[in-house]
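Written below as structure tokens is the structure these notes are about.
What follows is calculated from the coordinates using simple rules that are stated; it is not laboratory data. Computed from a prediction, not measured in an experiment: that's the story for all the values here. Virtual Cβ from ideal backbone geometry, glycine too; neighbours counted across all protein chains shown.
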Amino acid sequence: MTKRHLFLGFIAFFLTANVIAQTSKNLQLGPWRAELRSQGGGLPVNLSVAPGKKKDTYLIKVINGSESFHLGESYFRGDSLVIPFDLYDSEIVAHVDGSQKMSGYWIKKRNGKFVNQLPFSAQYGSKERFTALKPPTVNVSGTWDVDISVDDKHTPSVGIFKQVGNKVTGSILQTSGDYRFLQGNVSGDSLLVSYFDGSFVLLFKTKVKAKEIQGTLFSGFATKKEFKGHLDPKASLPDLKKLTFLKPGYDRLNFSLPTPKGETISLQDERFKDKVVIVEIMGSWCPNCIDEARFLAPFYAKNKAKGVEVIGVSFEYSPDMAVSGPKIENFKKKIGIEYPLVFGGVPNDDTIAQVFPMLNKFYGYPTTFVIDKKGKVREIHTGFSGPGTGLYYTDWVQEFEKTIQNLLKEK
């Protein structure tokens, strides 16, 4: 072999080794700081990386405030790392550069088909949210009366924030639910907060002056909303038990719907007679529905022997049970649900009106009905304020449990 052949062989070996190093499947374990390149600029989110159970898999958790979760082990598809958000029909697909950087896209699908994507990048080692910050000159802690608007459509909201140093956590409450675990920073007189969970994509950029706040909410791929409000410790939403009600002449629900496994469930079934029944209108794609299901699943396990039953009526984006059925079953498995989930159809007003013709109006997912032992609807709750809302959530839990216990005592 000539010296030239030896030299070319060495170059080939070096280039191959370099490519292998660049597509390494050995991620650095620990904290990572990621960004989605949204319409409002960089949307930061924090990750933690731990080893998975199988070779070349990782347990990558998304961190927003006190929330830390994953929706399945991350794995390699060829040379690309896949971080799955299968409940939301989305995923991050990224190229790993060495062991401390990755870049790619967050990809949103619907019924398995591509919808849109945002550029994604991440780097090992930082737990910070926003960067290049100025010393804070305002404090946003407290309750805020907020209006969020787009195209002259206004949504009254309540903002709750807690600031420690320049770090901020909180949430936004609306009649349809909450914005979950917002996390961010104060920089000078600016409040910057973000949230990402594979479904919600939220970036707030606001200015605070005295007791006023104003700025922009960037959500999803292209939505841009005006965000303004004022500090008000008495800020509140309308009574969420009075928004949805039954039409005159109705006092109960009546439906007969299929499960993904082919069983038909009706409130007239023997298992629901003389029981306190909770019916949740939901969707496997709905983050607030996941929050409520995470409460209802252990609540049901604890109280079913006392005479409590639960039914989830799921509305999915495909009318085909072959497509929507597996999504419902996956939701049931991921949350650990023992009660039945039935398929109501696609999530639009017409379908809701067909399945629940007794409702005056439907406001959003989830909507929850509490039914007494005689089959009468005793309470309807619109939306769900999850654990990201702090006291609003714990107060709701206490009130809900008290309502159910009182109904169980009735004959």
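A few points about this structure:
- Stokes-Einstein D (µm²/s) once Rh is taken as the Kirkwood radius of the stretch 142-231 over alpha-carbon pairs, at 4 °C in 1.567 mPa s: 99
- For the stretch 262-271, Karplus couplings with θ = phi - 60° (6.51, -1.76, 1.60), whole Hz, Gly/Pro x: x, 7, 9, 10, 9, 5, 7, 5, 4, 5
- In terms of distances greater than 31 angstrom between alpha carbons, the cross-link table entries Lys61/Lys241; Lys61/Lys211; Lys113/Lys334 yield Lys61/Lys241; Lys61/Lys211.
- For the stretch 187-344, the share of DSSP beta bridges that are antiparallel, to the nearest 5, is 75%.
- Helical contribution to [θ] at 222 nm, DSSP H n ≥ 4, -39,500 (n - 2.57), averaged over the chain, rounded to 500: -6500 deg cm²/dmol
- Hull volume per residue, based on the alpha-carbon atoms of the stretch 161-304 and their convex hull, is 191 Å³.
- The stretch 256-409 pair-distance distribution - Cα-Cα, 10 Å bins, rounded %: 11, 42, 38, 9, 0
- Considering only the stretch 266-343, percent of DSSP beta bridges that pair antiparallel, nearest 5: 0
- DSSP bridge orientation in the chain - percent antiparallel, rounded to nearest 5: 90
- Ranking of Lys333, Lys211 by count of other Cβ atoms within 10 Å, fewest first: Lys333, Lys211
- Amide H contacts of Ile265: Leu257, Thr259, each under 5 Å away and 5 or more positions distant or on a separate chain (H built 1.01 Å from N in the peptide plane; Pro and chain starts excluded).
- For the pair the stretch 167-209 and the stretch 285-316, the centres of their Cα atoms are 27 angstrom apart.
- Sequence-distant lysines (8 or more away, or on other chains) whose Cα lies within less than 22 Å of Lys247: Lys361, Lys373, Lys374, Lys376
- The spread of Cα positions in the stretch 191-265, taken along each principal axis and listed from longest to shortest, comes to 55, 33, 19 Å.
- Distances between every pair of Cα atoms in the chain, grouped in 10 Å steps from 0 to the bin holding the largest one, split as 4, 20, 27, 24, 15, 6, 2, 1, 1, 0 percent.
- Using θ = phi - 60° and Karplus 6.51 cos²θ - 1.76 cosθ + 1.60, couplings along the stretch 161-177 (whole Hz; Gly, Pro as x): 9, 10, 10, 10, x, 9, 8, 10, 10, x, 7, 10, 9, 9, 5, 8, x
- Distance distribution P(r), the stretch 33-122, all Cα-Cα pairs, bin width 5 angstrom from 0: 3, 14, 22, 29, 20, 9, 2, 0 percent.
- Hydrophobic long helices, here whole DSSP H runs in the chain with Kyte-Doolittle means of at least 0.0 and Cα atoms spread over 15 Å or more along the helix axis, are found at 3-22.
- Computed from the alpha carbon atoms alone, the convex hull of the stretch 227-297 holds 195 Å³ per residue.
- Volume of the convex hull of the stretch 269-316 (Cα atoms only), normalised per residue: 66 Å³.
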